[in-house]
Ligand code: ADP
């Protein structure tokens, strides 16, 4: 089975005519609340695909936290790895979007920021039942580094989505089987190359030299590349009408892990990642746009 160790956020999105000045109160055109966080997004995408998936992380002892747990359960996610942190708030992203589509975002990590290596130890007996582990970088990096090392040494498969792009300790790379940066993250790990293909080669080369097994680079409407040793393979995207790409990367990772768990090789897993990513951009929203297994199968047949 698959286990996601990561963030659970509530996204509060208000539509505004323009951004407020300091001290100013504006009336929003309207607002919506969504379940988000890269960890939760990947777990929900896996649950919808019908994968056996467990979520490990922390929420606050507030209505949002309890709601999120219920929401995960309703989408087929095993929530036994989630703890409710007394006195903490559930992670929250406060987002304003103006009429030009520009946004301003303030994120409060809340309970996500409290996930410690000792929490990994405390749930170890639960964790070891899973085979594939998905990480992102919205929980403390020290906890990610600790969990990745301990799980890899226990023979597990590690997938790290380096998002949002953050400095990683050198010691982590050799424990990563698959690292799945998008274009922004590739740029972060690349030097000063101009063109994307050169940035990709430079970033991938450097990450592979540091010990990563395989790089799976997500490239939006270009699909994805997988890179191992001197070999770079491009897998084309599925042609779709993109409406909203929020959550595409998380959908890709879920599809990729679901395929690996089903025994497919990397190349076929990247193809499934592309399919789930493509399906997710056809509708507005992140989690609400993620396909079910039936939708994925129908899409692959056509
Ligand atoms: P992120 O959401 O992290 O920025 P990308 O934009 O690279 O990541 O999207 C992730 C994956 O979703 C891509 O690798 C691709 O498979 C799929 N995808 C994204 N945008 C499109 C698109 N316009 N058409 C088809 N597939 C897409």
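Listed values, structure above:
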{"item": "Angstrom value of the Kirkwood radius, inverse mean 1/r, which spans all Cα pairs in the range 131-177", "result": "10.5 Å"}
{"item": "Alpha-carbon centroid distance for the pair the range 247-271 / the range 165-238, whole angstrom", "result": "16 Å"}
{"item": "Sorted largest first, extent of the range 67-166 alpha carbons per principal axis (Å)", "result": "50, 29, 27"}
{"item": "Kirkwood Rh and Cα Rg combined as Rg over Rh, evaluated for the range 205-251", "result": "1.07"}
{"item": "Taking 85, 221, 194 and counting other C-beta atoms within 10 Å, the order from fewest to most", "result": "194, 221, 85"}
{"item": "Cα→Cβ-extended label distance, 7 Å offset, between residue 231 and residue 297, nm", "result": "3.1 nm"}
{"item": "Fewest-first sequence of 158, 176 by Cβ atoms within 10 Å of each Cβ", "result": "158, 176"}
{"item": "Value of D in µm² per second that Stokes-Einstein yields for the range 47-114, Kirkwood Rh from Cα pairs, at 4 °C (1.567 mPa s)", "result": "98 µm²/s"}
{"item": "Intensity falloff of the range 232-302 expressed as log10 I(q)/I(0), Debye formula with alpha-carbon point scatterers, at q = 0.18, 0.28 Å⁻¹", "result": "-0.61, -1.34"}
{"item": "Computed helical MRE - 222 nm, the chain, DSSP H runs ≥ 4 contributing -39500 (n - 2.57), nearest 500", "result": "-10500 deg cm²/dmol"}
{"item": "Antiparallel bridge percentage (DSSP; both residues within the chain; nearest 5)", "result": "40 percent"}
{"item": "For the range 1-110: span of alpha carbons on each principal axis (Å, largest first)", "result": "48, 32, 18"}
{"item": "Normalised alpha carbon radius of gyration of the range 144-302 [divisor 2.2 N^0.38 Å]", "result": "1.02"}
{"item": "Residues 210, 58, sorted so that the one with the fewest Cβ neighbours within 10 Å comes first", "result": "210, 58"}
{"item": "The chain - percent relative contact order, Cα under 8 Å, separation 6 or more", "result": "16 percent"}
{"item": "Under 19 Å from the residue 74 label point (7 Å along Cα→beta-carbon), backbone N, the range 23-44", "result": "32-37, 40-44"}
{"item": "Anisotropy class of the chain from Cα gyration tensor, a/c 1.5 cut", "result": "rounded"}
{"item": "Alpha-carbon gyration tensor eigenvalues x 5, square-rooted, for the range 109-156, Å", "result": "18, 11, 9"}
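Read the figures in this text as sums done on the coordinates, not as results from a lab. Small disclaimer: the values here were computed from a predicted structure and weren't measured. Cβ atoms come from the backbone with ideal geometry, glycine included; neighbour counts cover every protein chain shown.
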